[in-house]
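The structure appears below as structure tokens.
The values are calculated or read from the model by the stated rules, or taken from the named source; none is laboratory data. Predicted, not measured: the structure shown is a model, and the values here were computed from it. Using ideal geometry, Cβ is built from the backbone for each residue, glycine included, and neighbour counts are taken over all protein chains shown. These accessible areas exclude ligands, DNA and RNA; they are computed on the full protein's heavy atoms, side chains included. Shrake-Rupley method; radii C 1.70, N 1.55, O 1.52, S 1.80 Å.
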Amino acid sequence: MKNLFFSLLLLGLTTQVYAQITVLPEVAITVNYKYLDAVNSEDMAEGIKMLREEVALYDLKDSELYRDEYDTYFVSFFIPQGKILAAYDKDGILIRTIERFKDIKLPKDVLKSVASRFPDWGISKDVYKVNYHYKKGVTKEEYRIKLENGDKTLMVKIAPDGNFM
């Protein structure tokens, strides 16, 4: 009786080993790698990196915005720290972006430059702006930083490499 029970149990388990073979339909994904290569850096905040990946992977033709009669589509992407306004052509290729982020983690080069030029000043606010164009790459990238020292305030513009504008 034990042998019969174990034999049936073993037979029942072995029949589940064979899986059904499923063929999935082919999916075409447009990835705008040129955009990601132009704007992403190692020192960038994770939230901004993730939002930029969303912009690059956005499938325009699969969205409810897509209609055949338009040549350009504008799509906004948001996170609590900022937003990206992206323009896509009718084929889903990213044409340009305008990006603005507030109070983010600043890159090391920017922090070093500010600390060396303004040693007794503290950073109270910062804004990071980027303009991207697919033919030109990044056309404008800057940090606007509000510095405070007691009751004094100062606004500075600085490039990502640490050079003041």
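In this structure, Lys112 and Asp68 have a Cβ-Cβ separation that, at R0 = 41 Å, corresponds to a calculated FRET efficiency of about 0.20.
Each Lys and Arg adds +1 at its Cβ and each Asp and Glu adds -1 at its Cβ; summed about the Cα centre, segment 46-131 shows a dipole of about 660 debye. Ordering Asp89, Asp126 by accessible surface, largest first, gives Asp89, Asp126; the 1.4 Å probe counts only protein heavy atoms, with every chain in place. With 0.36 nm allotted per residue and the present C-alpha distance subtracted, the Arg100-Tyr33 stretch has 22.1 nm of extension available.
Note down the nm distance, to one decimal, between modelled labels 7 Å out along Cα→Cβ at Asp91 and at Met155. Taking the two extended label points, one gets 4.1 nm.
Any idea of the accessible area per residue across segment 94-165, 1.4 Å probe, to the nearest Å²?
Solvent-accessible surface per residue comes out at 60 Å².
Counted residue by residue at 0.36 nm each, then reduced by the alpha carbon distance between them, the extension gain from Asn40 to Glu142 reaches 35.3 nm. Find the relative contact order for segment 34-165 and round it to a whole percent, using C-alpha pairs within less than 8 Å whose residues are 6+ positions apart. Dividing the mean separation by the residue count of segment 34-165 yields 19 percent.
Heads up, I need the accessible area for Lys61: 1.4 angstrom probe, whole protein in place, Å², nearest 10. Accessible area of Lys61: about 110 Å².
The spacing between segment 38-85 and segment 96-138, judged by their C-alpha centroids, is 20 Å.
In segment 17-156, a dipole from Cβ-located charges (positive for Lys and Arg, negative for Asp and Glu) runs towards its positive end, and of Leu51, Val39, Tyr66 it is Val39 whose Cα lies farthest in that direction.
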